[in-house]
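Chemist: Please read through the structure below; I'll follow up with questions.
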Amino acid sequence: RYQIHTGLQHSIIRPTQPNCLPLDNVTLPQKLKEVGYSTHMVGKWHLGFYRRECMPTQRGFDSFFGSLLGSGDYYTHFKCDSPGICGYDLYENDNAAWDHDNGIYSTQMYTQKVQQILASHNPRKPIFLYIAYQAVHSPLQAPGRYFEHYRSINNINRRRYAAMLACLDEAINNVTLALRKYGYYENSIIIYSSDNGGQPMAGGSNWPLRGSKGTYWEGGIRAVGFVHSPLLKNKGSVCKELVHITDWFPTLITLAEGQIDEDIQLDGYDVWETISEGRRSPRVDILHNIDPIYTKAKNGSWAAGYGIWNTAIQSAIRVNHWKLLTGNPGYSDWVPPQAFSNAGPNRWHNERVSWSAGKTVWLFNITADPYERVDLSARHPEVVKQLLRRLSQFNKTAVPVRYPPKDPRSNPKLNGGVWGPWFKEDEKKKKSDKSKGANKQKKSKNRKKAN
């Protein structure tokens, strides 16, 4: 489902926030378990953990090995959210995995765990394995031997990034070899997907796309992905159809011969024939996001949005070839690879965007101009209006943003030095019981006063 339908349309879930993927949202592993799949997760969760019910093992996974937070040290599995708010973050199922803390680099440690799962499972029985590697994400760390091929890269962040990615490539190869070794490969589907664009200031590169991670420019939202499987009908092809991450839910459940509840209003489509046979995608649009909390564009207004949409709000939508952005879309430079050199002049300065005053609407033909260099909003006002109406339609179905303030009880110091669930249901009941008692006392006092 789109973020606007989960309440997670603003930013990320912070470690100290009492927040998680809403418990009434059915997950992919839950649906696959219904049709007999074993479900296992290795790697980064980052969908909230303030309550035990939010943990991966409560959301459809038979087993979980990995981290709960969005990032942390690759060797020590330690993470500080702010000064003094620090803790350990490596789990096996619902408990801290102290026994596994052997200083092994997480990419390699997760791969070893995947190999163990595949070795111990019966390949004739269905299995869903979700591997969410930590790499590549800050802090930029990699084992020394992976740096050997990248000594020619001057920029240290870029060199570290390349080393991390080389280690990740090796990990994917080792997972594929394990699938072959233990008899899964011929009947398997491997989906490789990234979550967002790179961070140019921390070794990443989206060139020649515009913008960076955290923005709605193509550099922030267009990520690499591929499907590898002996079951594909058209092998070695490139799919240029519209496909969105929400499509994996219906696609994989349908492939597994599972049932999708009719009352669940999905934003995803079954795109297996699009990927496997090269057919047209059933999808005609993608809502990239609507974030009503993000910093409003100072010059945004309903007038700029033709009375259809307040262009101060950060949003982006794709309909067929067209893409519309409104509000404050974030860092928007094109950062060429030369910018990564530490020495001498580079072309980056020529790529800087000179903002035209008051601009809060952009329109691009993404098929013809994936680099978002030619804004067509003034030339095609009717298309702008059409996409603004579609945005407005989507916004009517949005649920309120879930972005609660930090909870001091989340401090790992109160939980044995480990990041983990801190919100207890019985505490909530006690509080409500206390408040009910207090209300009764107030009422009786008020009655006495009245008498």
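The values are calculated or read from the model by the stated rules, or taken from the named source; none is laboratory data. Computed from a predicted structure; not experimentally measured. Here Cβ is always computed from backbone atoms with ideal geometry, including for glycine, and neighbour counts include all displayed protein chains. Remember, those area values only see protein heavy atoms, side chains included, never the ligands or the DNA or RNA. Shrake-Rupley method; radii C 1.70, N 1.55, O 1.52, S 1.80 Å.
Chemist: Consider residue 203 carefully, then state whether it is among the small types (Gly, Ala, Ser), open to solvent by 40 Å² or more (accessible area, probe 1.4 Å) and out of contact with any His (no Cβ under 9 Å at 6 or more places or on another chain).
Modeler: Values: among the small types (Gly, Ala, Ser): yes; open to solvent by 40 Å² or more (accessible area, probe 1.4 Å): no; out of contact with any His (no Cβ under 9 Å at 6 or more places or on another chain): yes.
Considered against the rule, which asks whether it is among the small types (Gly, Ala, Ser), open to solvent by 40 Å² or more (accessible area, probe 1.4 Å) and out of contact with any His (no Cβ under 9 Å at 6 or more places or on another chain), residue 203 comes out as no.
Chemist: Return the total of residues in the stretch 138-158 being open to solvent by less than 50 Å² (accessible area, probe 1.4 Å) and modelled with pLDDT under 95.
Modeler: Residues in the stretch 138-158 being open to solvent by less than 50 Å² (accessible area, probe 1.4 Å) and modelled with pLDDT under 95: 3 in total.
Chemist: Out of curiosity, is residue 275 open to solvent by 20 Å² or more (accessible area, probe 1.4 Å), over 19 Å from residue 375 (Cα atoms), part of a loop (DSSP other than H, G, I, E, B) and in contact (Cβ under 8 Å) with a residue 24 or more places away in the chain? Give the derivation first.
Modeler: Numbers: open to solvent by 20 Å² or more (accessible area, probe 1.4 Å): yes; over 19 Å from residue 375 (Cα atoms): yes; part of a loop (DSSP other than H, G, I, E, B): no; in contact (Cβ under 8 Å) with a residue 24 or more places away in the chain: yes.
In short, no.
Chemist: Can you find a residue that is closer than 21 Å to residue 307 by Cβ, among the aliphatic types (A, V, I, L, M) and open to solvent by 70 Å² or more (accessible area, probe 1.4 Å) anywhere in the stretch 378-391?
Modeler: Of all residues in the stretch 378-391, those closer than 21 Å to residue 307 by Cβ come to 378-391.
Remaining after also requiring among the aliphatic types (A, V, I, L, M): 378, 383-384, 387-388, 391.
Filter again for open to solvent by 70 Å² or more (accessible area, probe 1.4 Å), leaving 378.
Yes, some residue in the stretch 378-391 is closer than 21 Å to residue 307 by Cβ, among the aliphatic types (A, V, I, L, M) and open to solvent by 70 Å² or more (accessible area, probe 1.4 Å).
Chemist: Now, a different point. Taking the conditions exactly as written (closer than 30 Å to residue 327 by Cβ, touching a helix residue (DSSP H, G or I) at 6+ places or on another chain (Cβ under 7 Å) and open to solvent by 50 Å² or more (accessible area, probe 1.4 Å)), does residue 266 satisfy them or not?
Modeler: yes
Chemist: Any residue in the stretch 25-36 that is surrounded by fewer than 17 Cβ atoms within 10 Å (Cβ to Cβ) and small (Gly, Ala, Ser)?
Modeler: Yes, the stretch 25-36 contains at least one residue that is surrounded by fewer than 17 Cβ atoms within 10 Å (Cβ to Cβ) and small (Gly, Ala, Ser).
Chemist: Run residue 66 past the list (1) part of a loop (DSSP other than H, G, I, E, B); (2) touching a strand residue (DSSP E or B) at 6+ places or on another chain (Cβ under 7 Å); (3) not acidic (Asp, Glu) and report the number of the one that doesn't hold.
Modeler: Only one criterion in (1) part of a loop (DSSP other than H, G, I, E, B); (2) touching a strand residue (DSSP E or B) at 6+ places or on another chain (Cβ under 7 Å); (3) not acidic (Asp, Glu) is unmet by residue 66, namely (1).
Chemist: Which one is least open to solvent (accessible area, probe 1.4 Å), of the residues in the stretch 290-312 that are out of contact with any Lys or Arg (no Cβ under 8 Å at 6 or more places or on another chain) and of a type in the set (Ser, Thr, Tyr)?
Modeler: 311
Chemist: Run residue 185 past the list (1) within 29 Å of residue 337 (Cβ to Cβ); (2) surrounded by 12 or more Cβ atoms within 10 Å (Cβ to Cβ) and report the number of the one that doesn't hold.
Modeler: With (1) within 29 Å of residue 337 (Cβ to Cβ); (2) surrounded by 12 or more Cβ atoms within 10 Å (Cβ to Cβ) applied to residue 185, the lone miss is (1).
Chemist: Just checking, how many residues over the stretch 87-107 are under 23 Å from the mean Cα position of the chain (by Cα), crowded, with 16+ Cβ neighbours inside 10 Å and not charged (D, E, K, R)?
Modeler: Counting residues in the stretch 87-107 that are under 23 Å from the mean Cα position of the chain (by Cα), crowded, with 16+ Cβ neighbours inside 10 Å and not charged (D, E, K, R) gives 7.
Chemist: Name the residues in the stretch 326-352 that are touching an Asp or Glu at 6+ places or on another chain (Cβ under 7 Å) and either open to solvent by 40 Å² or more (accessible area, probe 1.4 Å) or modelled with pLDDT of 95 or more (or both), would you?
Modeler: 352
Chemist: For the stretch 43-69: of the residues being touching a residue at least 60 places away in the same chain (Cβ under 8 Å) and in contact with a His (Cβ under 9 Å, 6 or more places away or on another chain), which is surrounded by the most Cβ atoms within 10 Å (Cβ to Cβ)?
Modeler: Result: 68.
Chemist: Name the residue that is farthest from residue 224 (Cα to Cα), counting only residues in the stretch 188-200 that are within 18 Å of the chain's Cα centre (by Cα) and open to solvent by 20 Å² or more (accessible area, probe 1.4 Å). Let's see the steps before the verdict.
Modeler: Of the stretch 188-200, the ones within 18 Å of the chain's Cα centre (by Cα) are 191-199.
Those left that are additionally open to solvent by 20 Å² or more (accessible area, probe 1.4 Å): 191-196, 199.
Working: 191: 11, 192: 8, 193: 6, 194: 6, 195: 9, 196: 9, 199: 14 Å.
Step by step, filter the stretch 188-200, then rank; the result is 199.
Chemist: Here is a list of conditions, (1) among the polar types (S, T, N, Q); (2) touching a residue at least 60 places away in the same chain (Cβ under 8 Å); (3) within 14 Å of residue 132 (Cβ to Cβ), and residue 19 meets all of them except one; can you say which number that is?
Modeler: Going through the list (1) among the polar types (S, T, N, Q); (2) touching a residue at least 60 places away in the same chain (Cβ under 8 Å); (3) within 14 Å of residue 132 (Cβ to Cβ), residue 19 breaks only (3).
Chemist: Follow-up. For the stretch 245-263, which residues satisfy the criterion of being polar (S, T, N, Q) and open to solvent by less than 50 Å² (accessible area, probe 1.4 Å)? Talk me through it step by step, then tell me what you get.
Modeler: Of the residues in the stretch 245-263, the ones polar (S, T, N, Q) are 246, 251, 254, 259.
The answer is 246, 251.
Chemist: In a helix (DSSP H, G or I) and modelled with pLDDT of 95 or more, is that true of residue 131?
Modeler: Taking the combined requirement at face value, the residue does not satisfy it.
Chemist: Collect the residues in the stretch 159-182 that are open to solvent by 70 Å² or more (accessible area, probe 1.4 Å) and among the basic types (Lys, Arg), keeping them in residue-number order.
Modeler: 160, 180, 181
Chemist: Quick one: how many residues across the stretch 313-325 are crowded, with 20+ Cβ neighbours inside 10 Å and more than 14 Å from residue 389 (Cβ to Cβ)?
Modeler: 6
Chemist: Right, next: Check residue 206 against each of (1) farther than 19 Å from residue 163 by Cα; (2) not hydrophobic (A, V, I, L, M, F, W, C); (3) not in a helix (DSSP H, G or I) and name the one condition it does not meet.
Modeler: Checking residue 206 against (1) farther than 19 Å from residue 163 by Cα; (2) not hydrophobic (A, V, I, L, M, F, W, C); (3) not in a helix (DSSP H, G or I), the one that fails is (1).
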